[in-house]
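Asker: Sharing a structure below in structure tokens format, with a few things to ask.
Throughout, read-outs are computed from the coordinates displayed, never taken from laboratory work. Not measured: the values here are computed from a predicted model. In this analysis, Cβ positions are derived from the backbone assuming ideal geometry, glycine residues included, and neighbour counts consider all displayed protein chains.
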Amino acid sequence: MIASQRGNELYLLERNSKEQKPKRVNDEDSVQVIRSLYGEPTYRSVLNALSDYSSTAVLSYLVECTVSPQAIQRGAGDPQIQQLAMWIQGYAQKSSSKLLTFVDIGAGNGDLLDAICASGCGHQIMYIPVEPNERYWESIQMRMRQTANLEFQDVRKTAKDVKDADVVFLVNVLHELDLHTRVELISQSLGLTYDRGVVVIHEVANLPIGEADFVMWSGEDLRTIFENAKMQIYITSARTKSRPGGWPIETICIKALEPPPESNRLLKGAILSLPGILKRWTDELALNPMSDIRKELRDRIKAFRMAQVANLSVWNQKYGALKV
Ligand SMILES: C[S@@+](CC[C@H](N)C(=O)[O-])C[C@H]1O[C@@H](n2cnc3c(N)ncnc32)[C@H](O)[C@@H]1O
């Protein structure tokens with residue numbers, strides 16, 4: 001696979017049995033390698049693409065889509081953390097229960113702790129992180145200990161190791177999971193919070209940095225899935241921008257109004273919904289003029305929509321054929 005980032009940069013994707021990573025190549029010899037590997041038409045296309053900023057920005061996003069996802073490193077004042085802090089503050093202030101159990105599924109480095117800290121409500125919270133990747137555990141443990149007035153429990157490897165919760169957070173997690181895993185996690189989260197709380201799905205609605213095999217579900221997509229699964233839930237979704245003219249961030253809150261059924265019913269609902277979800281995102285790609293999006297972001301958002309439609313098409317074929 002080939003791509004370029006700026007007009008004068010070219011990347012080849014190196015593959016070996018363990019990893020695939022883009023390697024920068026930028027001299028005439030490398031372009032000649034492309035000619036010998038892929039032939040004259042590809043060579044010409046690459047030269048054309050290299051001279052057009054828009055296509056190189058799209059290509060570089062698509063190259064990112066070959067790399068496995070990782071928990072991001074956030075800077076101070078991160079807008080997603082600030083929004084989560086506001087949400088936590090609002091929820092904690094309304095709640096009459098003394099200690100709220102917050103379960104952070106897919107906790108990564110434990111960044112939700114920054115939001116808890118910024119909310120000023122740490123003293124009202126029992127924090128339970130769920131993170132299958134042990135690489136992050138030390139960082140989570142350290143940050144839990146450093147968060148003033150917070151009660152917390154040890155990191156759990158899976159959501160099955162938790163008994164109940166007032167709030168389950170899934171922050172930037174669902175988009176990287178395959179269909180079965182995400183349906184299972186949503187079901188488990190609804191089960192943990194049934195009769196007492198809510199599930200909060202918080203995602204940067206248009207993935208700013210491409211990653212392998214992502215599929216984003218918007219609030220509207222999820223609403224369709226629950227309808228098709230005939231599940232009694234209450235769902236709200238709200239979108240804001242990370243900053244004026246920045247990336248859209250979506251907060252989705254779901255409350256189960258009946259004991260959640262087996263995850264298989266949600267799986268069936270999701271599979272039934274895939275053609276409609278694919279159509280919605282295809283229309284978004286084809287028809288949305290992006291006039292409301294800042295010029296510098298347009299190419300990456302277009303690339304995001306292209307990758308989303310491509311990945312959803314794969315899901316539609318792969319899962320549509322399943323008998324559930
Ligand atoms: C993009 S990171 C998000 C981390 C964190 N929530 C944040 O916003 O910084 C996704 C996290 O989900 C975790 N994850 C992947 N599969 C999971 C699963 N089946 N159950 C729980 N967490 C999972 C990954 O290990 C990773 O830490």
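Asker: Give me the one-decimal nm value for the distance between modelled label points at Q73 and Q89, 7 Å along each residue's Cα-to-Cβ direction.
Answerer: Between Q73 and Q89, the simple spin-label model gives 2.9 nm.
Asker: Ok, one more. Among K279/K323; K160/K255; K160/K241; K157/K279; K255/K318, which pairs are too far apart, with a Cα-Cα distance over 25 Å? Could you put the intermediate results ahead of the total?
Answerer: On the way: K279/K323 22 Å; K160/K255 19 Å; K160/K241 34 Å; K157/K279 36 Å; K255/K318 30 Å.
With Cα atoms farther than 25 Å apart: K160/K241; K157/K279; K255/K318.
Asker: A further question on this structure: Give me log10 I(q)/I(0) at q = 0.23 Å⁻¹ for the range 171-298, Debye formula, one equal scatterer per alpha-carbon, no solvent.
Answerer: Log-scaled intensity ratios, in q order: -1.52.
Asker: To the nearest Å, what is the center-to-center distance of the range 70-92 and the range 293-312, using C-alpha atoms only?
Answerer: 24
Asker: State the antiparallel share, in %, of DSSP beta bridges confined to the chain, rounding to the nearest 5. Mind dumping the intermediate values first?
Answerer: Working: 23 of 41 bridges.
Just about 55 percent of them are antiparallel.
Asker: With just the Cα atoms of the range 29-99, tell me how far they stretch along each of the three principal axes, in Å, largest first.
Answerer: 70, 23, 19
Asker: Among A159, S242, A85, whose Cα sits farthest toward the positive end of the charge dipole of the range 79-276 (+1 at Cβ of Lys/Arg, -1 at Cβ of Asp/Glu, about the Cα centre)?
Answerer: Result: A85.
Asker: Could you sort 100-111, 185-196 so that the peptide with the highest average Cβ count within 10 Å comes first and the rest follow in order? Can you show the working numbers first?
Answerer: Details: 100-111: 24.1, 185-196: 21.1.
The peptides rank, most packed first, as 100-111, 185-196.
Asker: Against the longest principal axis of the chain, how steep is helix 137-146, in degrees 0 to 90 to the nearest 10, with axes from Cα atoms?
Answerer: 50
Asker: Is any residue of the range 116-155 close enough, with backbone N under 20 Å, to a label point placed 7 angstrom from the Cα of H180 along the Cα-Cβ axis, and if so, which?
Answerer: The answer is 132-133, whose backbone nitrogens lie closer than 20 Å to the label point.
Asker: Continuing with the same structure: Suppose only helical runs count, i.e. DSSP H with n ≥ 4. What mean residue ellipticity at 222 nm does that imply for the chain under -39500 (n - 2.57) per run, divided by all residues and rounded to the nearest 500 deg cm²/dmol?
Answerer: Working: 10 runs with 144 residues, N = 324.
Estimated from H runs of four or more residues: -14500 deg cm²/dmol.
Asker: Now a separate question. So how far apart, in nm, are the two label points at D161 and M290 if each is 7 Å from Cα heading toward Cβ?
Answerer: Taking the two extended label points, one gets 4.3 nm.
Asker: Just the ratio, please: alpha-carbon radius of gyration of the chain over 2.2 N^0.38 Å, N its number of residues.
Answerer: Working: Rg = 21.5 Å, N = 324, 2.2 N^0.38 = 19.8 Å.
Dividing the Cα Rg of the chain by 2.2 N^0.38 Å gives 1.08.
Asker: Rounded to two decimals, what is the ratio between the C-alpha radius of gyration of the range 124-228 and 2.2 N^0.38 Å? If you can, show how the numbers build up before the last one.
Answerer: Details: Rg = 14.8 Å, N = 105, 2.2 N^0.38 = 12.9 Å.
Rounded to two decimals, the normalised Rg is 1.15.
Asker: Right, here's the next one. Taking a virtual spin label 7 Å from the Cα of E227 along the C-beta vector, which residues in the range 269-288 bring their backbone nitrogen under 15 Å of it?
Answerer: The answer is 269-281.
Asker: What is the dipole size for the chain, taken about its Cα centre, with +1 at each Lys and Arg Cβ and -1 at each Asp and Glu Cβ, in debye to the nearest 20?
Answerer: 420
Asker: 5 Å is the cut-off here: which amide hydrogens, built 1.01 Å from N in the peptide plane, fall below it relative to I249, excluding neighbours closer than 5 in sequence?
Answerer: A205, T240, K241, S242
Asker: Moving on to the next point. By how many nm would the segment from D283 to A310 lengthen if fully extended, with 0.36 nm per residue of separation less the alpha-carbon distance? Write down the numbers at each step before the final one.
Answerer: Working: separation 27, 0.36 × 27 = 9.72 nm, distance 1.30 nm.
8.4 nm is the gain from fully extending D283 to A310.
Asker: Still on this model: What residues qualify as long-range amide H neighbours of F169, i.e. H under 5 Å apart, gap of 5 or more or another chain, H built at 1.01 Å from N?
Answerer: V103, D104, I105, V200
Asker: Specify whether the C-alpha gyration tensor of the range 217-280 places it in the rounded, prolate or oblate class, a ≥ b ≥ c being the square roots of the eigenvalues: rounded for a/c under 1.5, otherwise prolate if a/b is larger than b/c and oblate if not.
Answerer: Numbers: a/c = 3.45, a/b = 1.64, b/c = 2.10.
Oblate, because a/c is 1.5 or more while a/b does not exceed b/c.
Asker: Also: Using only Cα atoms and rounding to the nearest 10 degrees, what angle (0 to 90) does helix 179-193 make with the longest principal axis of the chain?
Answerer: Approximately 20 degrees, to the nearest 10.
Asker: Normalising by the residue count of the chain, find the relative contact order in percent from Cα pairs under 8 Å and 6+ residues apart.
Answerer: Worked out over the chain, it gives 15 percent.
Asker: Using Cα pairs under 8 angstrom and six or more residues apart, how large is the relative contact order of the range 182-324, in percent?
Answerer: Working: 188 pairs, mean separation 42.7, N = 143.
Once normalised by length, the contact order is 30 percent.
Asker: Continuing with this model, one more query. If the range 58-173 were replaced by its equivalent ellipsoid, with semi-axes equal to the square roots of 5 times the Cα gyration tensor eigenvalues, what would those be, largest first, whole Å?
Answerer: Numbers: eigenvalues 132, 58, 34 Å².
Listed largest to smallest, the semi-axes of the range 58-173 are 26, 17, 13 Å.
Asker: Would you grab the residues whose amide H sits under 5 Å from the one on E151? Only those 5+ places off in sequence or on another chain, please, with H modelled 1.01 Å from N.
Answerer: Correct list: I125, Y127.
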